1. Stick to the Cα atoms of segment 415-454, pair each with every other, and give me the Kirkwood hydrodynamic radius in Å at one decimal.
2. Once you sort the root eigenvalues of the Cα gyration tensor of segment 376-483 as a ≥ b ≥ c, which label holds: rounded (a/c under 1.5), prolate (a/b larger than b/c) or oblate (the other case)?
3. Between LEU356, GLY240, TYR294, whose Cα lies farthest towards the positive end of the dipole of segment 185-392 when Lys and Arg beta carbons carry +1 and Asp and Glu beta carbons carry -1, centred on the Cα centre?
4. Excluding ASN195 itself, what net charge comes from residues whose Cβ is under 14 Å from its Cβ, given Lys and Arg +1 and Asp and Glu -1?
5. Return P(r) of segment 185-392 (all Cα-Cα pairs; 10 Å bins starting at 0; whole %; ordered from short to long distances).
6. What order do you get for ARG307, ARG78 when you list them from fewest to most C-beta neighbours inside 10 Å?
7. Quick one: length gained pulling ALA355 to ARG128 fully straight, 0.36 nm per residue minus the C-alpha distance?
8. Dividing the alpha-carbon Rg of segment 121-185 by 2.2 N^0.38 Å yields what?
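Computed from the coordinates by the stated procedures, all read-outs in this text should not be read as laboratory data. This structure is a prediction, so every number in the text was calculated from the model and none was measured. Virtual Cβ from ideal backbone geometry, glycine too; neighbours counted across all protein chains shown.
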Amino acid sequence: MKRVIPVFALILVAAFAEAVPPPRLIKGPAPVPAPKIVLAKQKMNMRFILPNNGMPGTVNIPSKNPRRAIMEEHLLTRKGETFHGTFLGYDPVKGLKWSHPDFLPNEIDFLPGRVSRLNFKVEPLPARAKPHTCQVKLSNGDTLAGDLARMENGKLILDTWYAGELAINTAHIKSIKPGFSTDKVFFEGPKNAKNWTFSNGQNAGFPRQMIPNLPPEAQKQLKERAAQAAKQPTWKLTNGIFESTSSSSTVGRNMKETPARSSTEFDLEWTGSLNLYINFLTDSLTSYSQCNGYCLRLTQSYIYLYRYNFNNGAGRGGRVGNNLRVNLANLQGNASVALKMDTKKKSVALLINGALIHKWENLTNFADGGNGLLFTSRTTNRMRLSRIRVSDWNGRLPEANTKSQANPKEDYVILNNSDHITGELTGIADGKLHFKSGFGEMAIGLQKVGVIHRATERVQAVPAGEGLARVSFKTGDSMAMRITGWKDGKVTASSPLFGEAAFDAAVFQSIDFTGQPVRQTTTVPTPTNPNQLIERGFRIRPQIPQKIPNGLRLELNVLPQAVDPKIKPRR
């Protein structure tokens, strides 16, 4: 009995010791609890909140549309209320006309001084849109894209698809990236389904060149399976946009004419978690793995490059280099992707939103596959592909330093070969930059110019004025303007930047009538009682505020930093 009592006491002490909570920190936030780790032979997969600034080692990619929290059309009032519905028109005197089936009457007018921000439905650019090469940065931080036509008499002329010719006052221009190129375009679309091959996981068993070599019975079974698979969902083409909501669906085509150095670009939109495979230089338009060629895999947090070889009815694949850790969640479902390929140097570079992500060099068997381009969805989440473009590439990448040296008195020009000159920009005409420097006057071809930084003493602030709103474009650009009319898809506006102009409403993504970023996150119910709609605002009972989290939820195979570094997950 004497031996039993000490043993029982030790068991009680151990039990209470495990029940004691860990000590709390006196200063700073509470520690993040370590996730439960199961030491089993399986892939570790955990969820945690990733801060906006990413994790160590991740590649930072600039976002095109930072405000995409609400995908549908809505407006925000000065009181911080959110109203969903449909935008009908705008008049600077009467205000903003709005429609909603729950409103009585169905159409109401919001007073001009009561609206803070108008957000249009998140949609891709229309088919009539075209990519522009020149980027102009203004003194107030706004940016503008167009094709550089000329600069004369204190005006920079941009030719745009959304507003025709815009004459920008050079006094307010901070920098110019001409983006001038004589590159030949080999493909631009999609405009129709002609020459595109659509399939899904059920009919992508063999490359087409292998079918004639199969036994007759195998060919029959393959054709029957393909006929059944044709009825299954795959990519759909609508108004120049490929859209997929099914996993393993593929769409591709052969690019018959491609130069030794080419650029393949496209716009990508997605919901939920991204998982897209892009095959290039491939000889198969039905399978991402049973082929000869390369496959770039874009996921939410990693990017991989694979090389596949298909010989004697068997396919083999292997990863090229290490995987790249990225944070595509920060892009909030919208990105411009570009693949720059050089068959002579056997290299390919990946750019996202104009930022160089990685360059793979000295690739083996680089152009031994085909000339096919194939997109494969690996998720049931909605994905869209648009503005696919294959063109010449001059071989230059955005690796050179494009930041100017501080020079308040002279303009500073950085050339594409990283050389630079200082002096005074006197004009742009006939594809040449006219510049006056200490060496005298010179004319430089715009294809050699990387970026032009104006002397800080020559740059004037944009004059402040009443009624100026900040308009954000779907291209990611923005500009301050005073909206004077809105009718039949055309928006008339004036500004000290460009005078007067008429814009295509399809380019508008949002309008900030205050010129300040929106900080509120309150959502209110739609009013159905017309007595609640009063002349100077709305008396509405707000719901509990639903704030958008600052972090982004991702799935990674690494542990949070707060976890004991001695504990490592099994891979």
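1. Working: mean 1/r = 0.0969 Å⁻¹.
Hydrodynamic radius (Kirkwood, Cα pairs) of segment 415-454 is 10.3 Å.
2. Numbers: a/c = 2.50, a/b = 1.32, b/c = 1.90.
Oblate, since a/c reaches 1.5 and b/c is not below a/b.
3. TYR294
4. +2
5. 8, 35, 39, 15, 2, 0
6. Working: ARG307 20, ARG78 15.
Going from sparsest to densest Cβ surroundings: ARG78, ARG307.
7. On the way: separation 227, 0.36 × 227 = 81.72 nm, distance 2.57 nm.
Using 0.36 nm per residue and subtracting the Cα-Cα distance, I get 79.1 nm.
8. Values: Rg = 12.8 Å, N = 65, 2.2 N^0.38 = 10.7 Å.
Ratio of Rg to 2.2 N^0.38 Å for segment 121-185: 1.19.
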